[in-house]
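Report on one structure; see the data block that follows.
Read-outs: derived from the displayed coordinates by stated rules, not from any lab. Nothing here was measured: the structure is a model prediction, and the numbers come from that model. Counting neighbours? That spans all protein chains shown, and the Cβs are built from the backbone with ideal geometry, glycine included.
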Amino acid sequence: MTNRDARTPSGGVTWRAAAARRIARQGLDTPGGSPAGVVGAMLGAHAQVMSAAELSVALRTGGGTTREDVRSALWQERSLVKTYGPRGTVHLLPAADLPLWTGALSAVPSGAPGMPEGVRMTPEQTDAVIDAIRDALGGGEALTVDELTDAITARTGSWAGDRVMEAFQDKWPRWRQATHTAAHRGVLAFGPVRGRRVTYTSPDVTPLAGPAAVTELLARYLRAYGPSTPQWFARWLAAPRTWAARLFAEQAEAGLITEVTYEDGAAWVAAGDTAFDEGPGHRGVRLLPYFDAYAIAAQPRERLFPGAAWDRALGRGQAGNYPVVLVDGTVAGVWHQRRSGSRVTVTVEPVGPALDAPAARRELADRAERVGEVLQARAGLVVGPVTVGPHA
C-alpha cells in the first residue's frame, strides 16, 4: 500500500488519487446499477471470452447479479449489444450508446493494411460487401457465417466468398476482413449462438456524425480513465498516435479538455472534471477477470503493474492475459478459477506482500465467494501458485 499524498508537490494528480476515482466511477468500489449502465461506465466490456465479460459486468453491478442477468440484458432485454468495439475486439456495449460508438469508431483512421496484396479488398469492394451485409441482415434475421457468405456472394459476386484469408488452421472467405468495418458502420453485430455456430444480425443503428461522436467518446474516456495522454488514448482505441495527438490539441484549443500534472508529467482530463480525492484513496481487494476494462485502460501501466507484477501479470507487455487481484487499485496478484460441477475453486497467487495481512485475506475470501455467486456455484479459495498460462 502506498503512503504518497494524493497530489504531488507540484500540485499534480498522483496514481493513488487517479486509481481511486477510476475504481469508484465504474462500480468497483460500490457495485450497483444495471448491466447496461455498468458497461457504459466501463466504456465497454471485453467479450472475446464471454464468461470473462459476464464476470466483469456482474462484479460491478452488485445486488446478487449473476451471469444469467448479464445474458438476459444481452439476449432478452437487448439493453446490451455484442459487437466489435475499441481495438477491433469483441465487446459488450450499451445498445443506447451504439450510435455514439459506431460514429466514433467509423471516424478513427485505419492503420497499415492488414491483408496482403491479392487478399485485400479495395475500398470499393469493401463498400459493396457492407451494402450486401446491410441488405442481407435488414430483415432482422440472424445468419450464420455460411448463410451470410451465401447472401453476400449472391449480391456482390463469387470474389467475396473466395477462401483466401488465413484463419487458424482454415481459410475464411474474403468478405470477413470487412466485419469490423461493417460493425463500426452500424450494419452488423453478433446474434445469439445457434448450436455452436456464431450468428450475425443487424443492430439497426444510425451512427452519429464522426466529429461529434469522437469528441463525446474522448470526454467519456477521460471521465472514466483520466488523467490520460494522446499516446494512452491511442493505445486504448488502437488508433494512430498522430491522429490522437491532433485530436487532443483540437479539444484543448476548444476548451473541452484540461491539462493537469499527473505523476509529474503532462496529462489531460475532461474540462471541469479536475476534482480528485486527496484522502487515503481506495482501500480494498478486487478480483478482475481476463481483459477487464480497468486493467486494460488504467495508465501508467508501470504503476498498475509495479515491480514483480509486471513480469507475472502481463503477457509480453499486454494487459488482460491473466486475471488479476487488485489491492488499493494496484495489481498484487494473479488468479484462476476452475469449475467442477456446482463448485468453483478460486486460486490466488499473491505478488508482493499486499495480501499478507489478515484483513486482506478475509476480504479476498469474500471476493472469491462473490465470484462463485456470479457463476452460480459454491466457491472455495486456495492461496498458492497459479500453474496455468495466459488465456487458460
Mind giving me the FRET efficiency for Ser340 and Gln231? R0 is 51 Å, r the Cβ-Cβ distance, nearest 0.05 is fine.
0.70
Roughly how many whole Å is it from the C-alpha centroid of the range 166-226 to that of the range 44-83?
17 Å
Which helices of the chain meet both criteria: a Cα extent of 27 Å or more along the helical axis and a mean Kyte-Doolittle score no lower than 1.0, with helices taken as whole DSSP H segments?
none
Report relative contact order for the chain in percent, whole number only (criteria: Cα-Cα under 8 Å, sequence separation at least 6).
18 percent
Over the chain, how many percent of alpha carbon pairs lie in each 20 Å bin up to the one with the longest distance?
26, 56, 18, 0
With only Lys, Arg, Asp and Glu charged, each at its Cβ (+1 for the first two, -1 for the last two), find how big the charge dipole of the chain is about the Cα centre; round to the nearest 20 debye.
840 debye
Any idea how far apart Glu250 and Arg378 come out in nm if each label point goes 7 Å out from Cα toward Cβ?
5.9 nm
Suppose R0 equals 45 Å; then what is the FRET efficiency for Arg163 and Trp310 from their Cβ-Cβ distance, rounded to the nearest 0.05?
0.65
Environment charge of Val205, counting only residues whose C-beta is closer than 15 Å and scoring Lys/Arg +1, Asp/Glu -1
+2
Given charges at Cβ of Lys, Arg, Asp, Glu: the range 285-383 dipole, positive-most of Gly372, Asn321, Ala354
Gly372
How big is the charge dipole of the range 285-383 about its Cα centre, in debye rounded to the nearest 20, if each Lys and Arg gets +1 on its Cβ and each Asp and Glu gets -1 on its Cβ?
280 debye
Could you give the nm distance between label points at Ala212 and Ser51, where each point is 7 Å from its Cα heading toward the beta carbon?
4.3 nm
Counting only helical runs of four or more DSSP H residues, what would the 222 nm mean residue ellipticity of the chain come to if each run contributes -39,500 (n - 2.57) and the total is spread over all its residues?
-11500 deg cm²/dmol
Total formal charge among the other residues, if their Cβ is under 14 angstrom from that of Ala142, Lys/Arg +1 and Asp/Glu -1:
0
Using mean Cβ contacts within 10 Å as the protection proxy, how do 88-101, 67-80 order, highest first?
88-101, 67-80
Provide the gained length on full extension for the span Arg78 to Thr242, in nm with one decimal, where the gain is 0.36 nm per separating residue minus the Cα-Cα distance.
55.4 nm
Tally the DSSP beta bridges in the range 285-383 and give the antiparallel ones as a percent, rounded to 5.
75 percent
Label-point separation, Asp127 to Arg361 (7 Å along Cα→Cβ), nm:
6.6 nm
Full-stretch length increase - Ala275, Arg155 - with 0.36 nm per residue and alpha-carbon distance subtracted:
37.7 nm
